[in-house]
1. I'd like to know how region 119-172 sits against the 2.2 N^0.38 Å rule of thumb: what's its Cα Rg over that expected value?
2. Please give, to one decimal in nm, the separation of the simple spin-label points placed at Ala305 and Arg190, each 7 Å out from Cα toward the Cβ.
3. Using the C-alpha atoms of region 205-273, what convex hull volume per residue, in cubic angstrom, is computed?
4. So, taking all protein chains as they sit and a 1.4 Å probe, how much accessible area belongs to Thr65, in Å² rounded to tens?
5. Keeping all protein chains in position, work out how much accessible area Asp133 exposes to a 1.4 Å probe, and write it in Å² to the nearest 10.
6. Rounded to two decimals, what is Rg over Rh for region 390-450 when you use alpha-carbon atoms and the Kirkwood radius?
7. Arrange the residues Tyr86, Tyr419 by how much accessible surface each exposes, largest first, with a 1.4 angstrom probe.
8. Leaving ligands, DNA and RNA out of it, rank His63, His20 by accessible area with a 1.4 Å probe, largest first.
Amino acid sequence: MNHAQTAWASAPAPVSDDDHTRALARIKGIEKVEQLLTRALLVIGIGCLIFTAVNVTLFAIEHHTHWAIAWMLDPLVSLSLLVTLYIDGKLAAYGYRPGGWPFVLRWFAGLSTWLMNCWGSLYPDGQFTGWPDRPDPAGLLLHSVLPFLVIVIAEAGAGWRKFTTADKARQHDLLERFKAQKEAARSAEREERQREQEAARAEAEARRKRTEELAAEEKRAAIEAAKARELADAKARQIRAESEAKTRSAEQARLDEEARLRAEAEAREHQARLDRANADHAAGLERQRIEAEAQAEATRKRAEADAEAARIRAEGDAEARRKAAEARLAKAAPSTALLPAGSGEKAALPAPDATAKPRKLTALPAAEVDDVRGAEAKRKQIEDANFEAAVLLLLDQAPTRKDFAERYGRGETWGRERYAEADRLMAQDADFAARVRADAEQRADLVATA
């Protein structure tokens, strides 16, 4: 036989699940037997202790031991025996095998208890003659049963414990082999699973690499095809773009020429409309200026007339007052004749002052008249400017605030105020808005028919 065959032949037989179950049951049964043996030894030992306590105590008292301590002899010897039996039983469960000294201790304790208990039956007359001459057989039997029963059971228990210990060792070895076998199976299964996982990972990695290579190859082919298509499309686009550029260039040149001619015509037409509108506006402004001057002249004349009427009324009032004064003087003149003669006083009435002239009211100063006329003209100019600004805004022909103000000889702020006032009047004054729209429509019609 070769080495492999020898190793196979010497290898222990595999342990089945049934063997494992039976081993566990057997160990459990052996442990129960050991527990029963230990309990039996303890019960018998305690019973022997109780049974022999009286005889041993009397034996100690008869041999000059005080009764206070004589009772301790049997319990101490019996407890030594019980301790030996209990410790042997417990340690046997851990594989302990009792040696010579536990044997000596058991037999010494048992024989000592037996001799002290049976001394009265061996030597009834109290005389020690070596071998008993007249022993009491019944007493010997009575007092020998329990001590020898404990000794014999202890020795039998030692044999039983040797068997149970060996058998438990075999069952534990069986369990260890079953455990090792299961562990080996699990290890083999793990290794097999690990090998399968590694093989699966290797296969997946190989598939991934093949997939990546195929994808890379397809990507390279797609990129090359896309580049070829892009080159072809770029060439086609270039040709198409050059053709379209030429077409657009020609079309753009034509459109530019048409736009230029149309723009020139529209510019001329627009300039003509602006010129007509400016002329109409200038004429309107001139009319407004003439009307403003006429109104200012009429206002001036009314003011002069009112001043002249006031002057005439003032002169008439002064003449009336003068005449009333003369009448009062004339009434007072006769009273001077009643004065006594020789009084040395002249009874003459004061003559009226020939140089005195009646006070008359003057008209408004010329500067005040000019201020009134100027304020009216300014108000009229502002109203006209507001109306014109509203019309220009509606026609979307409004110049800048500065240019608009310069038409009236004013500053930019004044022009900004006219635009703001025009917006406000258009929003708040319906009549003003209607007049502005009518004028804007009339101008638009003039431009359209021009």
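The values are calculated or read from the model by the stated rules, or taken from the named source; none is laboratory data. Values in this document were obtained by computation on a predicted structure and should not be read as measured data. Please note: Cβ atoms are built from the backbone with ideal geometry, for glycine as well, and neighbour counts cover all protein chains shown. Just the protein is used for accessible areas: all its heavy atoms, side chains included, with ligands, DNA and RNA removed. Shrake-Rupley method; radii C 1.70, N 1.55, O 1.52, S 1.80 Å.
1. Its radius of gyration relative to the 2.2 N^0.38 Å reference: 1.90.
2. 13.3
3. It is 89 Å³ per residue.
4. Only protein atoms counted, so the area is about 50 Å².
5. 110
6. With Rh from the inverse mean 1/r over Cα pairs, Rg/Rh is 1.02.
7. The ranking, largest first, comes out as Tyr86, Tyr419.
8. Ranked list, largest accessible area first: His63, His20.
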